[in-house]
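One structure is given below, encoded as structure tokens.
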Amino acid sequence: EDTPMSERLRVGVLANPMLTRFEEEALENVAALDGVTIDEVVVDGSVTEGSALAAGADAVNQGTSISLADLGLFVEVVRESGLKAFIHGDEKLGWLLGETEQMDWLQSRPVTETDCLREASIRECEPVSAGGAWNTLPDDVTADLGDACDVVIRFGFGLLKGPILDAPEHGVLSVHTSDIREYRGMGHKISYMNDDPSAAITLQQLSEEIDGGRIVAVMSRELPPTPTLDDVWDAVYALQTEIFAAGIEQLQAGDGPSQPDELGTYYPHSLQQRNPRFVARLLAKNNWRRLQKRLS
């Protein structure tokens, strides 16, 4: 029996030109819901072939081999993100050692090759700078998404603010990779350093406060004993394949998002970019765990 049009939920997607495997699976699960259609996709036109994001996607798709392009990317990331380049280098080392969960989840292909988006209207636009690290969308794109969509899923375009957040009836949904009531900013790496036994993610309706939106859903998964960062990433990405569909089902049922009573501590991403002590502790812990796994 067909769902009446009034109950239909029209979904829009903000994406990079390449969708990762976990993003694609998340959208497939959304598209499989009764009464839900993915009608509009807006692709970030500022992510060009030569950008660091595109180069990173190429490096992931290249998998466990190492090339001169990897060295060039390392230098570029050092220039853009400082010490975080060493975290990325450690991830690549893990892939060479057989820790490939993160690598598998981050395999990507063009938005235009995603089956569940074949019926959607796909357009490209460049974000408009809204000061600092924030972006907004052009007025015409914002108006079109507000008219054509009841809710928008954010996979691209960075930190968003402005009228787009209120244009669709149910706003813009985005995942934070921990429970925002405990950790904001660089969440899951702090959770890892604190030896939390599980990984959690939050689906939030975005506001103009970083990781301070209204909570649509929180999901968690227990981690194996003495997990490596690759185990944490595996849990975080697997949960993301499920949480968008779960959250949209709640919105369909009239179960709206809730404002958390309190928010967790904000841990700035600059910790992994400019704090040698934090990066050294993180990498030492991860490599000690790797060694333990190989000796057990």
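Here, each number is a calculation from the coordinates, and none is a lab measurement. Remember, predicted model here, so these are calculated numbers, not experimental data. Glycine gets a Cβ as well: all are built from the backbone with ideal geometry, and neighbour counts include every protein chain shown.
Convex hull over the Cα atoms of region 214-296, averaged projected area in nm²?
Working: hull surface 29.6 nm².
Across all orientations, region 214-296 yields a mean hull projection of 7.4 nm².
Exposure proxy shown here: for His269, His170, the number of other Cβ atoms within 10 Å sets the order, fewest to most, as His269, His170.
Taking square-rooted eigenvalues a ≥ b ≥ c of the alpha carbon gyration tensor, is region 169-211 rounded, prolate or oblate, where a/c under 1.5 means rounded and, failing that, a/b exceeding b/c means prolate?
It is prolate, given that a/c is not under 1.5 and a/b is the larger ratio.
Between Gln292 and Asp34, what length in nm is gained on full extension when 0.36 nm per residue of separation is reduced by their alpha carbon distance? Present the calculation step by step, with values, prior to reporting the outcome.
Numbers: separation 258, 0.36 × 258 = 92.88 nm, distance 4.61 nm.
Extending this stretch completely gives an extra 88.3 nm.
For the chain, the C-alpha radius of gyration divided by 2.2 N^0.38 Å, with N the number of residues, is 1.00. A simple spin-label model places the labels of Gln107 and Glu126 3.4 nm from each other, with each point 7 Å out along Cα-to-Cβ. State whether region 112-212 is rounded, prolate or oblate according to the following rule on the C-alpha gyration tensor (a ≥ b ≥ c being the square roots of its eigenvalues): a/c under 1.5 gives rounded; otherwise a/b larger than b/c gives prolate, and the remaining case gives oblate. It is prolate, given that a/c is not under 1.5 and a/b is the larger ratio. Full extension of the chain segment joining Glu76 with Asn194 gains 39.4 nm, where the gain is 0.36 nm per residue of separation less the Cα-Cα distance. Taking the chain as the region of interest, the number of lysine pairs whose Cα atoms are within less than 19 Å, with members eight or more places apart or on different chains, is 8. Each label point was placed 7 Å from the Cα along the Cα-to-Cβ direction; for Leu159 and Ala143 their separation is 2.9 nm.
Building the convex hull from the alpha-carbon atoms of region 63-179 and averaging its projection over directions returns 9.9 nm². In the chain, helical runs assigned H by DSSP with n ≥ 4 each contribute -39500 (n - 2.57); averaged across all residues and rounded to the nearest 500, the mean residue ellipticity at 222 nm is -12500 deg cm²/dmol. In a fully extended conformation the segment linking Leu97 and Trp134 would gain 9.6 nm over its present Cα-Cα distance, using 0.36 nm per residue.
Put in order of Cβ neighbour count within 10 Å, fewest first, the listed residues Asp90, Asp150 become Asp90, Asp150.
As a footprinting exposure proxy, order Trp95, Trp233 by other Cβ within 10 Å, with the fewest listed first. Numbers along the way, then the final one.
Details: Trp95 20, Trp233 25.
The order, fewest Cβ neighbours first, is Trp95, Trp233.
What is region 5-295's relative contact order, in percent, from Cα pairs under 8 angstrom and six or more apart in sequence?
Values: 523 pairs, mean separation 62.4, N = 291.
Contact order relative to length: 21 percent.
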